[in-house]
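Okay, structure first, notes after.
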Amino acid sequence: MRLRPAALAVLVVVCVVVFPTHAADPLTLDDAFKRVANTHPNLRLFGTRRDVLEAELERASLRPALVAGASIENAFGTGEASGLDSAEITLSLASVLERGGKLDARRTLAQSRIDALAVEREAQRLDLLAEVARRYLSIIAAQHQSAIAQLDIGQRQSTVAEARKRLQAGASPESVVLTAQAALARGELDLARAQQRQSAARQYLAALWGERAPSFEVAGGDPLVLPEVADFAVLADWLARTPELAQFVGEARIREARLQLARSEASPDLDWQVGVRRFQGSDDFGLIGSVSIPLGSASRAQPGIRAAQAELAGLEIEREAKGLSLYSTLAEAHGRYRVAAVEVERLQDDVLPRLGKAEAATRAAYRAGAASYLEWATLQAERTAARKQQLEAALDAQRALIEIQRLTGQAFLAGSAPQTQQGVTP
C-alpha cells in the first residue's frame with residue numbers, strides 16, 4: 001500500500017502555516033525537514049536494507065543447482081578388479097525438481113518484504129518530521145517566553161522608577177523600592193532562563209542532522225495562530241489510512257507468502273540423476289538414471305503450516321490492538337487541541353484585555369497616590385501569568401496538532417482561526 005502524496009508533505013505544509021517565515025536567511029521549518037530527510041541515519045539505513053532484500057530476492061529466484069559428478073568403480077581391488085581393465089567410470093548430472101510452487105513462493109515472500117519496506121520508510125519519515133516540528137516548536141516557544149519576560153521587565157522597570165519617585169517624595173518606605181527591584185531581578189532571571197532554553201532547543205534541533213555547533217537562527221512564528229481542525233468523526237475516518245496501520249497490509253502479505261511457502265513444503269521434491277557409464281574392460285557405454293522422492297513430506301510440513309496460519313491470524317488481532325491504541329491517542333490529542341484552543345481564545349479576547357485595562361488604571365492610581373504598590377505589582381504579576389498561561393495553552397495545542405497530523409496524514413490550514421500575527425499581547 002502506497003501512501004498518498006499529500007501525506008508525505010503534510011507536516012511541511014501545516015507547520016509552515018502555523019509558523020510563517022519572515023526572512024530568507026533564518027532556518028525555516030521546511031529547511032529543517034530537508035536536512036533531516038537527507039542526512040538522518042534512520043532514513044539512510046533503508047537504502048542498505050533494500051539492497052539486502054533485493055539480494056535475497058535474487059537468491060530466492062535461483063533454481064536448484066545442477067551437480068556434475070564422476071565416479072569410478074571396480075578398480076584397484078583384488079582378483080578381476082585388481083586393475084583398471086575392469087573399472088567402470090560414470091559421469092553424471094544431478095539436481096532437484098522442486099514441486100508445489102516453492103520457487104514462486106520464495107519470490108513472493110522476498111518481493112513482499114521489499115514492498116513493505118517502502119511503507120515502513122514513509123512511516124519512519126513522518127515520525128521524524130513530527131519530531132522536527134516538535135523541536136522547532138520548542139525554539140519558537142523559547143522566543144515567545146523571552147518576549148514575555150522582556151515585557152515583564154519593562155513593567156517592573158516602570159514600577160521601580162515610580163517607587164523611587166514615591167520614596168524621594170517621602171510617600172513610601174525604601175522597602176517598596178527594594179521589593180520592586182527584587183521583582184525586576186526575577187523578571188531578568190526569567191529572560192536569562194528563556195534565552196538559555198532557546199540555545200538548548202536549537203542544539204537539540206541541530207542534533208537531528210548531526211550539527212554539533214549550530215549557529216543558525218530560526219524564522220519567527222506565532223504559535224497563538226491555531227488552524228481549524230476537522231471534527232473527531234472525520235479524523236477517525238482518516239485514521240484508517242495512517243501509515244502505522246498501512247504497515248499491517250504489507251505485513252499481511254509477508255505472512256501470507258510465508259504460509260504459501262510452508263504449504264509448498266508438503267509437496268516433496270524429486271531428486272534426479274542422469275549419466276553415462278563406461279566399462280573399461282569392453283569399452284562399452286551405458287546410460288544410467290535415478291529418481292528419488294522423500295516420504296512423509298506432507299506430515300512434516302504440517303507444524304510449519306499451522307505456525308504460519310497462527311501468525312497470519314494473530315496479525316489481525318495485532319492490527320485491531322494498534323487501531324484501538326491509535327484511536328485513543330487521536331481522541332486524546334483532539335481533546336487537548338480543542339481545550340487549549342478555547343483557552344487561548346478566551347485569554348486573548350476576555351482575560352488579557354481586562355487585565356491590561358486594570359493594570360493601566362492601577363498604574364495611574366499609584367502615581368496619584370490612590371493605590372498601593374502591592375495592588376499594582378499584583379496586577380502586573382497577574383498579567384504576566386496570563387500571558388504565560390496563554391502561551392503554554394497554545395504550545396499544548398500545537399503539540400496536539402502535530403500528533404493529529406502525524407496520525408491522520410492530513411494538512412489543516414487556518415480556517416476560522418485568524419491569519420494575522422497575534423504576538424504577545426503588550
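The values are calculated or read from the model by the stated rules, or taken from the named source; none is laboratory data. All figures in this text were calculated on a predicted structure; none of them were measured in a lab. Every residue, glycine among them, receives a Cβ derived from its backbone with ideal geometry; neighbour counts consider all protein chains shown.
Things worth noting here:
- Yes/no for residue 265 being within 30 Å of residue 107 (Cα to Cα), touching a helix residue (DSSP H, G or I) at 6+ places or on another chain (Cβ under 9 Å), touching a residue at least 40 places away in the same chain (Cβ under 8 Å) and of a type in the set (D, E, K, R): yes
- For the criterion of being at pLDDT below 90, surrounded by fewer than 21 Cβ atoms within 10 Å (Cβ to Cβ) and either out of contact with any helix residue (DSSP H, G or I) (no Cβ under 6 Å at 6 or more places or on another chain) or under 30 Å from residue 224 (Cα atoms) (or both), residue 131 fails.
- So residue 216, is it at pLDDT below 90 and in a helix (DSSP H, G or I): no
- Only one entry in 197, 253, 212 is under 30 Å from residue 313 (Cα atoms) and of a type in the set (D, E, K, R), namely 253.
- Of the set (1) touching a Lys or Arg at 6+ places or on another chain (Cβ under 6 Å); (2) over 30 Å from residue 74 (Cβ atoms); (3) free of Cβ contacts under 8 Å to residues at least 60 places away in the same chain, all apply to residue 286 but (2).
This table checks each residue for (1) at pLDDT below 90; (2) closer than 30 Å to residue 219 by Cα; (3) touching a helix residue (DSSP H, G or I) at 6+ places or on another chain (Cβ under 9 Å).
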{"residue": "71", "(1), (2), (3)": "yes, no, no"}
{"residue": "88", "(1), (2), (3)": "yes, no, no"}
{"residue": "100", "(1), (2), (3)": "yes, no, yes"}
{"residue": "105", "(1), (2), (3)": "no, no, yes"}
{"residue": "109", "(1), (2), (3)": "no, no, yes"}
{"residue": "136", "(1), (2), (3)": "no, yes, yes"}
{"residue": "145", "(1), (2), (3)": "no, yes, yes"}
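- Test for residue 270: is it touching a helix residue (DSSP H, G or I) at 6+ places or on another chain (Cβ under 9 Å) and of a type in the set (A, V, I, L, M): no
- In the range 251-278, residue farthest from the chain's Cα centre (by Cα) [restricted to those that are surrounded by 15 or more Cβ atoms within 10 Å (Cβ to Cβ) and closer than 29 Å to residue 74 by Cα]: 278
- Extreme residue, modelled with the highest pLDDT, among residues of the range 319-375 that are among the aromatic types (Phe, Trp, Tyr) and farther than 22 Å from residue 224 by Cβ: 327
- Across the range 163-181, the qualifying residues are those that are modelled with pLDDT under 85 and not in a helix (DSSP H, G or I), and the one among them that is surrounded by the most Cβ atoms within 10 Å (Cβ to Cβ) is 172.
- Among the residues of the range 376-426, those identified as surrounded by fewer than 18 Cβ atoms within 10 Å (Cβ to Cβ) and either hydroxyl-bearing (Ser, Thr, Tyr) or modelled with pLDDT of 65 or more (or both) are 378, 381, 382, 385, 388, 389, 392, 416, 420.
- The criterion of being at pLDDT 90 or above and either within 28 Å of the chain's Cα centre (by Cα) or over 30 Å from residue 385 (Cβ atoms) (or both) does not hold for residue 121.
- When residues of the range 21-69 are limited to those that are buried (at least 16 other Cβ atoms within 10 Å of the Cβ) and part of a loop (DSSP other than H, G, I, E, B), the one modelled with the highest pLDDT: 40
- The one condition in (1) under 29 Å from residue 36 (Cα atoms); (2) assigned to a helix (DSSP H, G or I); (3) more than 21 Å from the chain's Cα centre (by Cα) that residue 189 fails to fulfil: (1)
- Residue ID - modelled with the lowest pLDDT, chosen from residues in the range 236-294 that are among the basic types (Lys, Arg) and over 30 Å from residue 406 (Cβ atoms): 278
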